[in-house]
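Here is the structure we will look at, set down as structure tokens.
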Amino acid sequence: MMPASLTLPSGIALDTLLAELRRLSWGAADILRAYARGQQPPYGFPAALSVDAGGEGPVSAADLAVNRWLLDGLGEAFPAADWTLLSEETAKEQLVEGQPLAAEWLWILDPLDGTKDFLQGTGEYAVHLALVRAGTPVLGVVLLPEMEELWMGVVGDGGGMGGGEAWCENRAGERSPVRFSSRRHLGELVLVASRNHRDQRLEQLLEALQLGDTKAIGSVGGKVATILRGETDLYVSLSGRSAPKDWDMAAPEAVLRAAGGAFSHADGAPLTYNTGDVRQAGCLIASHGPAHGELCERAAAAMARIDPGFAV
């Protein structure tokens, strides 16, 4: 059952939108899997040229192809929709530092999240699509091409934490539910962490939190999917100027919050998007929910000791 309170731009029906997002997502999966394997991609996109041959390499080719596929697909399917499209690939042309886009409704897309994992062949890369209204995600899609998983979340106007619905689909459209773990105590919670972004400050924070096991996975979308499957329970992002961007966080946040989980700064403040600064800096915590308040309190107190003055 869909959240009845989800408002969409005039003329857009939720069922129609979700159907189009499915088509675009599985098309994106086929494009990325072809580039990852050095095969000819579908839909007329060019094969990747090596950098040595004067091309931009497989990552750039894949990024650009999926970006075009998603932007053209949404534009053709909903030509009169009152929304703006922003992707990681178009941000430099669209954005001016310090100035939010003049859009109540904004799609924030990441055609390839987890570039290093795509290159390294781990399979832990994702595609993110999020519909944001007035700075808050209301709908999110996280596609994991190599796992054949399409996670969809409708936050709705209720704001998550029970005010939405999230699920996973395969190519046949068969749904499986979110399965948060039953772990509740901090000492038993399983952290999902980055393979490539760890520093001493983060290590100190994790030591202070005194969590259970840790699992390393690429892509923010891939990390959040492990929480949704119940394999892990929380993800922590700790950064300043080199912070993740809007397109890294918006779709995973939407799906997690639609499922009843939580995603916030350590001081409890929500993440906001299209603020004029695409960086999602600070101490951000995503979790399955039950221990979120305690996690935030302990993290904020620890950061006050580890790096006084750090804006969590």
request  = Starting from the range 170-184, take each residue that is under 15 Å from residue 143 (Cβ atoms) and list its partners that are assigned to a loop (DSSP other than H, G, I, E, B), counting only C-beta distances under 7 angstrom and pairs at least six apart or across chains.
outcome  = 170/148; 171/148
ask   = Which of (1) surrounded by fewer than 19 Cβ atoms within 10 Å (Cβ to Cβ); (2) under 18 Å from residue 191 (Cβ atoms) is the odd one out, the single condition residue 311 does not satisfy?
value = (2)
note = Condition set modelled with pLDDT of 90 or more and in a helix (DSSP H, G or I), scope the range 185-200, selection surrounded by the most Cβ atoms within 10 Å (Cβ to Cβ): answer is 186
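Return yes when residue 209 is open to solvent by less than 10 Å² (accessible area, probe 1.4 Å), in contact (Cβ under 8 Å) with a residue 12 or more places away in the chain and over 21 Å from residue 29 (Cβ atoms) and no when it is not. Spell out the reasoning first.
Values: open to solvent by less than 10 Å² (accessible area, probe 1.4 Å): yes; in contact (Cβ under 8 Å) with a residue 12 or more places away in the chain: yes; over 21 Å from residue 29 (Cβ atoms): yes.
Spelling it out, residue 209 is indeed open to solvent by less than 10 Å² (accessible area, probe 1.4 Å), in contact (Cβ under 8 Å) with a residue 12 or more places away in the chain and over 21 Å from residue 29 (Cβ atoms).
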task = Of the numbered conditions (1) out of contact with any Ser or Thr (no Cβ under 7 Å at 6 or more places or on another chain); (2) crowded, with 20+ Cβ neighbours inside 10 Å, residue 214 fails exactly one; give the number of that condition.
result = (2)
remark   = Going through the range 73-115 in order, the residues found to be within 26 Å of residue 147 (Cβ to Cβ), out of contact with any Phe, Trp or Tyr (no Cβ under 9 Å at 6 or more places or on another chain) and modelled with pLDDT under 95 are 89
key: Whichever residue in the range 116-127 is surrounded by 17 or more Cβ atoms within 10 Å (Cβ to Cβ) and of a type in the set (D, E, K, R) and, among such residues, is farthest from residue 147 (Cα to Cα)   = 117
message = Looking at 114, 73, can you tell me which residue is over 30 Å from residue 216 (Cα atoms) and either out of contact with any helix residue (DSSP H, G or I) (no Cβ under 8 Å at 6 or more places or on another chain) or not basic (Lys, Arg) (or both)?
response = 73
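Of these, 104, 148, 89, which one is touching a residue at least 24 places away in the same chain (Cβ under 8 Å) and over 19 Å from the mean Cα position of the chain (by Cα)?
Details: 148 fails: over 19 Å from the mean Cα position of the chain (by Cα); 89 fails: over 19 Å from the mean Cα position of the chain (by Cα).
That would be 104, the only listed residue that is touching a residue at least 24 places away in the same chain (Cβ under 8 Å) and over 19 Å from the mean Cα position of the chain (by Cα).
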inquiry  = Quick check on the range 31-39. Is at least one of its residues touching a helix residue (DSSP H, G or I) at 6+ places or on another chain (Cβ under 6 Å) and assigned to a loop (DSSP other than H, G, I, E, B)?
reply    = no
inquiry  = So residue 25 passes all but one of these: (1) at pLDDT 95 or above; (2) surrounded by fewer than 17 Cβ atoms within 10 Å (Cβ to Cβ); (3) among the small types (Gly, Ala, Ser). Which condition number does it fail?
reply    = (2)
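Just name the residue that is surrounded by the most Cβ atoms within 10 Å (Cβ to Cβ) out of those in the range 286-308 that are of a type in the set (A, V, I, L, M, F, W, C) and within 11 Å of residue 189 (Cβ to Cβ).
Pass one, the range 286-308, residues of a type in the set (A, V, I, L, M, F, W, C): 286, 291, 295-296, 299-304, 306.
So of that shortlist, the ones also within 11 Å of residue 189 (Cβ to Cβ) come out as 291, 295.
On the way: 291: 20, 295: 23.
So the residue we want is 295.
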ask   = Filtering the range 235-277 down to residues that are modelled with pLDDT under 95 and aliphatic (A, V, I, L, M), which residue is most open to solvent (accessible area, probe 1.4 Å)?
value = 238
request  = Examine the range 135-147 for a residue that is surrounded by fewer than 24 Cβ atoms within 10 Å (Cβ to Cβ), at pLDDT 95 or above and among the aliphatic types (A, V, I, L, M), and state whether such a residue exists.
outcome  = yes
inquiry  = Being within 26 Å of residue 33 (Cβ to Cβ) and not charged (D, E, K, R): is that true of residue 185 here?
reply    = no
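Is there a residue in the range 222-229 that is open to solvent by 20 Å² or more (accessible area, probe 1.4 Å) and of a type outside the set (S, T, N, Q)?
There is at least one residue in the range 222-229 that is open to solvent by 20 Å² or more (accessible area, probe 1.4 Å) and of a type outside the set (S, T, N, Q).
The values are calculated or read from the model by the stated rules, or taken from the named source; none is laboratory data. All values reported here derive from a predicted model rather than from experimental measurement. All Cβ positions, glycine included, derive from the backbone under ideal geometry; neighbour counts span all protein chains shown. These area figures cover heavy atoms from the full protein model, side chains too; ligands, DNA and RNA do not enter into them. Shrake-Rupley method; radii C 1.70, N 1.55, O 1.52, S 1.80 Å.
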